[in-house]
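Trainee: Before I ask anything, let me first share the structure, which is written out below as structure tokens.
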Amino acid sequence: MEQQRARGAAIPAARLAQLLAGMTTARPAYRHLAAAVRTLILDGGIAVDARLPAERELAPALALSRTTISAAYEQLRKNGYARSRRGSGTWTALPESAHCPAQWDAMAPGPPHGATPPMPPPGAIDIATAALPMPQDVLHQDLAEAVRHLPHPAHTSGYHSYGLPELRTAVAARYTARGLPTHREQILVTAGAQQALSLALSLLCGPGDRVLVESPSYPNALDAIRRARLHPVPVPVTEDGWDGDLLTCALRQSVPRLAYLIPAFHNPTGALMPPGQCAEVLGATRRPGTWLVVDETLADMALDTATPTPFAAHGAGGGGEHVISIGSLSKSYWSGLRVGWLRASPRLVAELAELRATVDVSGSVLDQLLALLLLDRGDGWLADRVDQVRHRRQTLLAALERYLPHWSWRLPPGGLSLWVDLGQPVASALAERALAHGVRIGSGARFGGEPGLYEHRLRIPYTLPPAALQEAVRRLAAVLADWPPVAGAARSRSDWVA
Ligand SMILES: Cc1ncc(COP(=O)(O)O)c(C=O)c1O
């Protein structure tokens with residue numbers, strides 16, 4: 001079964017030493033080194049199935065003896081956080097206890113591990129979803145306007161397999177205005193960004209293909225990849241962003257069929273990939289047989305920075321034929337519309353449109369008319385929306401500081417949520433208990449793609465109205481105040497030295 005797992009990249013000794021800086025000073029050194037590496041694995045600083053440096057290389061990089069490194073690796077192996085493969089070194093792993101057996105096997109679709117949190121009881125506050133409600137007056141106005149526009153498309157059959165022509169033109173114009181010249185023929189309107197990804201996976205990949213993904217990442221994307229019987233190759237992303245060397249190294253070493261990235265703004269960390277790194281990734285994927293799917297669903301949610309230039313604009317010729325950019329109205333406007341799109345070469349757009357016809361024939365004309373009217377509201381409307389999100393984020397920060405001051409987070413430059421560190425691996429248990437207190441929230445574990453990861457993280461969106469956010473945080477604090485004596489899984493991460 002192990003051979004079926006895709007292998008991630010090798011971590012250079014100097015890089016691991018950098019990641020471990022300040023984490024390994026206590027004694028006994030080998031146990032603390034093992035604990036620190038385990039923490040990095042569980043927090044996504046090191047991907048699962050990445051090759052650890054050779055002992056003789058790590059020892060001088062950490063100024064420790066080779067015996068200490070050897071003992072630390074042995075400790076990791078004993079606890080299931082590393083595996084040795086004869087002749088090919090030591091690889092990071094997760095203990096079997098963290099897995100449902102079917103999920104170890106990437107060839108078996110199994111139950112989706114990023115499963116949506118259970119539905120809350122009536123009256124509960126739902127902060128499991130990072131999406132904004134649509135102001136009613138806007139919906140009413142644009143619906144009325146859409147009805148006035150309907151006679152025109154009503155004269156057509158209603159099937160627009162590429163999307164309503166006017167909407168394709170508007171989306172293309174948006175890319176052009178943001179620095180990526182785009183023609184209508186390069187746009188396929190889809191039922192949301194998720195459908196765009198599913199179409200790309202289904203057209204471009206076959207069972208067993210490797211797909212490079214970020215860890216953590218958007219759970220529905222990870223599940224789509226698993227359900228398509230593809231092998232995810234995880235590359236870590238933290239609030240500090242992507243390790244460029246590791247990312248390009250993983251692209252080179254694993255030669256994935258497709259890479260799926262969320263460069264702006266990454267879900268769940270909110271990180272933004274800098275332009276230079278976008279160009280590097282474009283270069284590293286420009287090889288026959290590798291596709292790059294760039295999910296920019298959250299790109300409009302630029303809270304502390306300018307709206308990022310589309311990723312593909314960082315390469316010559318619009319990034320190249322191998323790039324598929326995905327966008328959606330779900331985050332900046334309303335997910336209830338189910339309108340998204342992809343941008344690709346006209347040839348690929350034609351193939352994807354043909355495939356889409358086999359899924360749901362084409363999208364709703366009325367929804368696309370509404371989408372067009374919303375886009376017509378222009379950047380001023382969007383700026384107000386972003387202001388509103390900023391205000392809600394401020395409310396969430398204040399509530400967390402007041403009720404849960406021991407939690408920590410890094411303020412992301414954009415996106416719709418905070419990736420909060422709870423300091424102890426209790427996220428799933430907390431999410432379960434929170435439901436009984438009327439709060440639906442997603443454990444960080446949903447974003448891992450591997451059971452056992454990110455158990456000390458919660459993703460907390462700031463999309464609800466301020467009063468609901470405050471109350472949700474107050475209730476989470478109440479759940480923690482009632483917490484039974486902490487034991488077993490609830491131990492602090494730093495306590496782990498066994
Ligand atoms: C990164 C990312 N991609 C895609 C989606 C799904 O978007 P849509 O509603 O357009 O399918 C989401 C929704 O949360 C997301 O965060």
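Since every read-out is calculated from the coordinates, none of them should be taken as a lab result. Treat the numbers as computed from the prediction; the structure is a model and nothing was measured. Cβ sites come from the backbone with ideal geometry, for glycine too, and all protein chains shown count toward neighbours.
Trainee: Averaged over all directions, how much area does the convex hull of the C-alpha atoms of the range 211-288 cover when projected, in nm²?
Mentor: Values: hull surface 19.0 nm².
Averaged projected area of the range 211-288's Cα convex hull equals 4.7 nm².
Trainee: Now for a separate question. Under a plain spin-label model, where a point goes 7 Å from the Cα along Cα-to-Cβ, how far apart in nm are Ala144 and Thr156?
Mentor: Label at Ala144, label at Thr156, 2.7 nm between them.
Trainee: Applying 1/(1 + (r/R0)^6) with R0 = 51 Å to the Cβ-Cβ distance of Ala467 and Glu321, what FRET efficiency is obtained, to the nearest 0.05? Mind showing how you got there, number by number?
Mentor: On the way: r = 49 Å, r/R0 = 0.96.
My answer for the efficiency is 0.55.
Trainee: Hey, can you grab everything whose amide H is under 5 Å from the amide H of Val235? Only 5+ residues off in sequence or another chain; H modelled, so Pro and N-termini drop out.
Mentor: Here Val213, Glu214, Ser215 satisfy the definition.
Trainee: Related question: Above 42 Å lies some portion of the pair distances; for the chain, what is it as a whole percent of all C-alpha pairs? Can you show the working numbers first?
Mentor: Details: 22052 of 123753 pairs.
Value for the chain (Cα pairs over 42 Å): 18 percent.
Trainee: If you don't mind, another one. Pop out the ³J(HN,Hα) list for the range 123-133 in order, Karplus 6.51 cos²θ - 1.76 cosθ + 1.60 with θ = phi - 60°, rounded to Hz; leave Gly and Pro as x.
Mentor: The phi angles translate into x, 6, 9, 9, 10, 8, 10, 9, 8, 8, x Hz.
Trainee: 5 Å is the cut-off here: which amide hydrogens, built 1.01 Å from N in the peptide plane, fall below it relative to Ala259, excluding neighbours closer than 5 in sequence?
Mentor: Long-range HN contacts for Ala259: Leu212, Trp291, Leu292, Val293.
Trainee: Relative contact order for the range 136-379: what percent, with Cα pairs under 8 Å and sequence separation of 6 or more?
Mentor: Working: 426 pairs, mean separation 66.2, N = 244.
Relative CO of the range 136-379 lands at 27 percent.
Trainee: Which whole-Hz ³J(HN,Hα) couplings does the range 441-456 yield from phi under the Karplus relation 6.51 cos²θ - 1.76 cosθ + 1.60, θ = phi - 60°, glycine and proline marked x?
Mentor: The phi angles translate into 9, x, 5, x, 4, 4, 9, x, x, 9, x, x, 8, 6, 6, 9 Hz.
Trainee: Here's something else I'd like to know. Can you tell me the 0 to 90 degree angle between the C-alpha axis of helix 466-481 and the longest principal axis of the chain, rounded to 10?
Mentor: Around 20 degrees separate the two axes.
Trainee: Hey, with R₀ at 35 Å, roughly what FRET efficiency would Gln136 and Gln394 work out to, going by the Cβ-Cβ distance, to 0.05?
Mentor: Values: r = 24 Å, r/R0 = 0.68.
Efficiency, from the Cβ-Cβ distance: 0.90.
Trainee: Can I ask one more? Report, in degrees rounded to the nearest 10, the 0 to 90 angle that the Cα long axis of helix 346-360 makes with the longest principal axis of the chain.
Mentor: Tilt of helix 346-360: around 90 degrees.
Trainee: Per residue of the range 203-211, in order, report the coupling 6.51 cos²θ - 1.76 cosθ + 1.60 (Karplus, θ = phi - 60°) as ³J(HN,Hα) in whole Hz, putting x for Gly and Pro.
Mentor: Once rounded to whole Hz, the list reads 6, 9, 10, x, x, x, 5, 7, 10.
Trainee: Sticking with this structure for a sec: In terms of modelled amide H atoms, which long-range or inter-chain residues lie less than 5 Å from the amide H of Leu230?
Mentor: So Leu230 has HN proximity to Gly208.
Trainee: With viscosity set to 1.306 mPa s at 10 °C, what whole-number translational diffusion coefficient in µm²/s follows for the range 346-498 from Stokes-Einstein and a Kirkwood radius over Cα pairs?
Mentor: Working: Rh = 18.5 Å.
Once the numbers are plugged in, D ends up at 86 µm²/s.
Trainee: Output the peptides 144-156, 280-292, 446-458, 317-329 sorted from most to least packed, where packing is the average of other Cβ atoms within 10 Å over each peptide's residues. Intermediate values should be presented prior to the final figure.
Mentor: Numbers: 144-156: 12.5, 280-292: 17.8, 446-458: 24.9, 317-329: 22.2.
Packing order, densest peptide first, comes out as 446-458, 317-329, 280-292, 144-156.
Trainee: Where does helix 29-42 land angle-wise versus the long Cα axis of the chain, in degrees 0 to 90, nearest 10?
Mentor: Taking Cα atoms only, the helix is inclined about 20 degrees.
Trainee: Tell me the label-point distance for the pair Met23, Leu411, using the 7 Å Cα-to-Cβ offset, in nm and rounded to one decimal.
Mentor: So the two model labels end up 2.6 nm from each other.
Trainee: I've got another one for you. Rg and Dmax in Å for the range 136-379, alpha carbons only: what are they?
Mentor: Answer for the range 136-379, Rg first and Dmax second: 17.6, 55 Å.
Trainee: Same structure again: Which whole-number percent gives the relative contact order of the chain, counting Cα pairs below 8 Å spaced six or more residues apart?
Mentor: Working: 970 pairs, mean separation 99.3, N = 498.
About 20 percent, as a whole number.
Trainee: Kindly state, to the nearest 0.05, the FRET efficiency for Arg85 paired with Leu355, given R0 = 41 Å and r defined as their beta-carbon distance.
Mentor: Values: r = 38 Å, r/R0 = 0.93.
Using R0 = 41 Å, I get an efficiency of 0.60.
Trainee: Measure off 7 Å from each Cα along the Cα-to-Cβ vector at Ala54 and Ala14, then give the distance between these two points in nanometres to one decimal.
Mentor: 1.7 nm
Trainee: Here is a further query. Per 0.36 nm of contour for each residue apart, how much would the distance between Asp379 and Ala279 grow if the chain were fully extended, relative to their Cα-Cα spacing? Could you put the intermediate results ahead of the total?
Mentor: Numbers: separation 100, 0.36 × 100 = 36.00 nm, distance 2.64 nm.
That works out to 33.4 nm of additional length.
Trainee: Still on this model: In 10 Å bins starting at zero, report the fraction of Cα pairs in the range 131-195 per bin as a rounded %.
Mentor: Reading upward from the zero bin: 18, 36, 42, 5.
Trainee: May I pose another question? Which value at 222 nm does the chain reach when only helices count, each DSSP H run of 4 or more adding -39,500 (n - 2.57), with the total divided by all residues and rounded to the nearest 500 deg cm²/dmol?
Mentor: On the way: 17 runs with 200 residues, N = 498.
After summing the helix terms and dividing by the residues of the chain, the value is -12500 deg cm²/dmol.
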